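Before any comments, here is the structure.
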Amino acid sequence: MSMAKNWKDKMWIVSIVYFSLGFFNIIFAWLGMLCFIIPILMSVFGKEKNFCNGYCGRGQLFTLIGANRGISLNRELPAFLKSRWFRYGFLLFFMIMFLNMLFATWAVFAGNGSLNESVKLFWTFDLPWKWANRTGGKIPLWTVQFAYGFYSLMLTSLILGLMSMLVFRPRAWCVYCPMGTATQMICKIREGEGL
Ligand code: SF4
């Protein structure tokens, strides 16, 4: 096995480190932007599923826990979760929630809102997360607000992925993962195929 393959197979460690860092210092949540930018760039300039097949630490983590540890019920997904309307609808929902998060960040930037030091799970439940704000007022508050909002999105999608892994198949999340749908959509548009 080549060094490159070894390195690519260990991306699940990066995922664990990323989510762990969010418990200690929320500002590290910004690193998650790489999980948005890299797949988009790879789908614009590379082949479809390049990122998903080779570099996604989250996908590897689901395989590692679900398949290798055998804790997935290994059941088929309901048809509606695989349908095009659900996958694109879920992508749209995620994008709206992302914009909503940017709006909250803008409110703090403009002085119209106060910093919310909590992680919002499933866009509903506010978990107090004050301890992870270790910036001590040294950096602009909006960057901290963005970190809380972005980590909320990342953690919510991780939990949804883990639940899908347990109830369905190890990589069930990948069927309707907004990032997977977005990169697939970009590749189809690029290659002139219909969605
Ligand atoms: S579909 Fe999503 S979670 Fe699955 S490998 Fe692709 S980016 Fe990662």
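Nothing in this text is a laboratory measurement; each read-out follows from the coordinates by a stated rule. Everything numeric in this text was worked out from a predicted model, so none of it was measured. Positions of Cβ are generated from backbone atoms using ideal geometry, with glycine treated the same way; all protein chains shown enter the neighbour counts.
Let me have the relative contact order for the chain, percent, based on Cα pairs under 8 Å that are six or more residues apart. Could you put the intermediate results ahead of the total?
Details: 246 pairs, mean separation 64.8, N = 195.
Relative contact order here is 33 percent.
FRET efficiency for S83 and D9, Cβ-Cβ distance as r, R0 = 25 Å, nearest 0.05?
That gives a FRET efficiency of 0.20.
Where the only charges are on Cβ atoms (+1 Lys, Arg; -1 Asp, Glu), what is the dipole of the chain about its Cα centre, to the nearest 20 debye? Don't jump to the answer; show the numbers that get you there.
Details: 19 positive and 7 negative charges, 84 e Å.
Magnitude of the dipole: close to 400 debye.
Report, in degrees rounded to the nearest 10, the 0 to 90 angle that the Cα long axis of helix 11-24 makes with the longest principal axis of the chain.
Approximately 20 degrees, to the nearest 10.
Please enumerate, by chain and number, the lysines with C-alpha under 22 Å from the C-alpha of K130, excluding those fewer than 8 residues away in the same chain.
Within the straight-line cut-off, K130 pairs with K120, K138.
Which lysines does K188 reach when only Cα atoms under 28 Å apart count, and residues fewer than 8 places away in its own chain are ignored?
Qualifying lysines at Cα under 28 Å: K5, K8, K47, K49, K82.
Rounding to the nearest 10 and keeping the result within 0 to 90°, find how far the Cα-based axis of helix 84-109 lies from the longest principal axis of the chain.
20
For the peptides 155-168, 66-79, 31-44, what is the packing order when you average, over each peptide's residues, the other Cβ atoms within 10 Å and list the highest mean first? It would help to have the intermediate numbers written out before the result.
Values: 155-168: 17.8, 66-79: 12.8, 31-44: 16.1.
Packing proxy ranking, top to bottom: 155-168, 31-44, 66-79.
If amide H atoms are built 1.01 Å from N in the plane of the peptide, which residues on other chains or at least 5 residues away come under 5 Å of the amide H of K120?
So K120 has HN proximity to L127, S152.
Could you compute the FRET efficiency for N68 and S114, with r as their C-beta to C-beta distance and R0 at 35 Å, rounded to 0.05?
0.20
So what is Rg over Rh here for the stretch 3-190, counting just Cα atoms and using Kirkwood for Rh?
On the way: Rg = 17.2 Å, Rh = 17.5 Å.
Taking Rh as the inverse mean 1/r over Cα pairs, Rg/Rh reads 0.98.
Counting other Cβ atoms within 10 Å, keep those with at most 15, restrict to DSSP loop, and tell me which trypsin sites (Lys or Arg not before Pro) in the stretch 89-195 are left.
Answer in residue order: R134, K138.
Could you give me the ³J(HN,Hα) list for the stretch 111-121, computed from phi with Karplus coefficients 6.51, -1.76, 1.60 and θ = phi - 60°, whole Hz, x at Gly and Pro?
So the Karplus estimates, Gly and Pro as x, are x, 9, x, 9, 5, 9, 8, 9, 9, 8, 8 Hz.
Angle, helix 178-190 long axis vs. longest principal axis of the chain, Cα atoms, 0 to 90°, nearest 10?
60
Through the Karplus equation 6.51 cos²θ - 1.76 cosθ + 1.60, θ set to phi - 60°, convert the phi angles of the stretch 130-143 into ³J(HN,Hα) values in whole Hz; use x for Gly and Pro.
Going residue by residue, I get 4, 4, 7, 8, 10, 7, x, x, 7, 10, x, 4, 5, 5 Hz, with x marking Gly and Pro.
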